[in-house]
Every structure is written in structure tokens, then in C-alpha cells.
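All remarks here apply to the structure that follows.
Any read-out appearing in this document is the output of simple, stated calculations on the displayed coordinates, not a laboratory observation. Note that the structure is a prediction, hence the values are computed from the model and not measured. Don't worry about glycine lacking a Cβ; one is built from the backbone with ideal geometry, like all the others, and counts go over all protein chains shown.
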Amino acid sequence: MISFGEDKYIPTLKEMWKLCFQDEDTFIDFYFNEVYKNDETLVYLENGKPAAAFQMIPYSLKNGTEIFQAGYISGVMTHPDFRRKGLMSKLLSASFDIMRERGFDYTFLIPQEEWLFGFYEKFGYKATESPLPRPLSKEPPLTPPKEGNCSPPLGELEGTYQIYHHFLSKIFQVVLKTETQFKQILYDFFNEDGVLFVNEQGIAFTLKEENQIVVKEFFYRNRKVKDVFLKVIRDYYSQEAVVILSSFDKLTGTEGMIKRLNDERPEISALYISMMMD
């Protein structure tokens, strides 16, 4: 039996999440307190208890100058005792009609393992490519970032979202985020000891991994700003080796898949999917 989420299912869903994803209790509590919503959750019930579930989280998807609504399939999980019974196939098939009824033009997801690409292809999902990089502005840089701009508490992030949204919206094909979704992602990012560098001219999400600094996302107005940010990042970490995973020079977002729900909308093959809450 397929049902929407209910409060009474949440304890079982949290247990299943921990069993399937091995996340810490603090993250699971955060997800179910801040991200999870009953009416965005589909649950397959066996004997009245959740056996499989996922969320259909609304996002805005920008394609050129047009904005569409899309459902992000998040937290896909099946209890080990009920795998290979087709429960997830039934949930996915049911979700498409629900998302269409809610006005979603597309649905997208991020497979966590390579074999899942083949699984989701059976339901009409197609792997996304990275969109073309955005040409950089020739405007001169303003104030360089300072150490005080790094990892501010969530309550002091006014203005940071606007900067991030400004740069994200310059990408031709991209998944946009609301301010609430941005703060949710930052919670996870800071929880992993990430350090955020930001000012009016750019924003960089950095992590220290072993003997190198990884920049997960890096947006900047021009190359002079890029050089200033990199110098500040190297000075902050006292380390020279910096690996940039994604920037305006090289848009390589998270590898995802997309399915068109409305035949009147254009097919989308290239899409920048940045850091997501999953």
C-alpha cells in the first residue's frame, strides 16, 4: 500500500534512514526536523509499517530565461528485509502522477551508486551533462574576502544567500535553491567542517581533505577576484595545494539524472546540480 508520510511513521523512517545510509543521529534529526515534510513523502507500507520511502522536494529549475518547477527525489530507501520486491518501482511510478498534479514539469535525482543509473533509466530518467561555463565579467574587483567572512553562524548569513543566488542564476541551465534550502545545505556543509569564503565579488565552499584543500563550489566575478580568493584560502589554511571541483571556468556539478513530466516543456540534457541536501 502506498501512502503519504504521517507523523506516526517518522520514528520508523528515521531508523530505516540510519540503516540504509549510516548517517549520524544529529544529521538524521536535522533532516527530519528541517527538510522532511509529510505531504512531500511517499511511503510503501507493509503490514502498516514503512518498508520503502522517499521525498519529492520542490525546486526551481532554470533553463535559459525560463523557470520551471521540478521534484527532487531525495532519501530513496528500502528496508533490507523488503528489497527486490519491486516496492521502489511502485513508489516511483506513483510519484510521477503526483508530481504532475502538483505542477512539476520535471523530476531529477542524484544516483548514489553507478548501477542505479541503469535502474532509473527504466523509468525515463536521463543522465545530465554539465552546462557550458558562463563568460566572466571584466568588472574590477571590490573588497577581497577576509578571515572574518568564513563560516558565519546561520543566523548571520543575511546577504550570503543573495550572493550565492546571484551567481547560480547566471548559469544557463541550473537547479536553483530557496534561502531555506541554502541554509539547510550550509548546515550540512559546516557540520563537515567546511569553511565558507564570501564577499560581494565571489563565494567559495572549501573543505580540508588529507593534505589538500578542496573547493567544492567557487563562483567569482572575474579572474582577479578568483586570484584574490585563492590567496586568502591558501593563507587561511597555510597550505598551497588547492583542488577546485567546480567553478565558472569548469562547471562540473553533481552527476544527476532528469525526467520530463510535461511533454510541452523542452527536453533538458545539460543541468548544473550543485550541492544538495540528501
Does the range 230-278 come out rounded, prolate or oblate by the C-alpha gyration tensor, with a ≥ b ≥ c the root eigenvalues, rounded set by a/c under 1.5 and, if not, prolate when a/b is larger than b/c and oblate if not? prolate
Going down the table (K126/K250; K18/K170; K62/K126; K177/K208), which pairs top 27 Å between alpha carbons? K18/K170
Angle check, please: helix 10-21 long axis (alpha carbons) against the longest principal axis of the chain (alpha carbons), in degrees 0 to 90, nearest 10. 60 degrees
Can you give the direction-averaged projected area of the convex hull of the alpha-carbon atoms in the range 147-244, in nm²? 6.2 nm²
Residue-span extension gain [E34 to E255] - 0.36 nm each, minus C-alpha spacing: 77.1 nm
Amide H contacts of T41 (H built 1.01 Å from N, under 5 Å, at least 5 apart or other chain): G5, M56
How far is helix 179-191 tilted, in degrees, relative to the longest principal axis of the Cα atoms in the chain, given as a value from 0 to 90 rounded to the nearest 10? 80 degrees
In whole Hz, the Karplus estimates of ³J(HN,Hα) for the range 205-217 (6.51, -1.76, 1.60; θ = phi - 60°; x where Gly or Pro) are 9, 10, 9, 9, 10, 6, 9, 9, 9, 10, 9, 5, 9
Going by the alpha-carbon gyration tensor, a ≥ b ≥ c the square roots of its eigenvalues, is the range 14-95 rounded (a/c under 1.5) or, if a/c is not under 1.5, prolate (a/b greater than b/c) versus oblate? oblate
Taking a ≥ b ≥ c as the square roots of the eigenvalues of the Cα gyration tensor of the range 196-277, is the shape rounded (a/c under 1.5), prolate (a/b larger than b/c) or oblate? prolate
Net charge near N47 (other residues with Cβ under 15 Å of its Cβ; Lys, Arg +1; Asp, Glu -1) is +1
The alpha-carbon pair-distance distribution computed for the range 52-94, with 5 angstrom bins and whole-percent values, is 6, 20, 22, 17, 12, 10, 7, 4, 2, 0
Please report the antiparallel percentage of DSSP beta bridges with both residues in the range 47-113, rounded to the nearest 5. 75 percent
Of all C-alpha pairs within the chain, those more than 36 angstrom apart amount in percent to 19 percent
Given the rule -39500 (n - 2.57) for each run of at least 4 DSSP H residues, summed and divided by the residues of the chain, what is its mean residue ellipticity at 222 nm, to the nearest 500 deg cm²/dmol? -8500 deg cm²/dmol
When the chain is modelled as a GNM with alpha-carbon springs shorter than 10 Å, which of L61, L116, L261 fluctuates the most? L116
When only DSSP loop residues count, what trypsin sites (Lys or Arg not before Pro) in the range 52-138 have their Cβ near at most 15 other Cβ atoms within 10 Å? R83, R84, K85, R102, K122, K138
Please check which bits of the range 102-123 a label hung off E129 would reach, taking the label as a point 7 Å along Cα-to-C-beta and the cut-off as backbone N under 12 Å. none
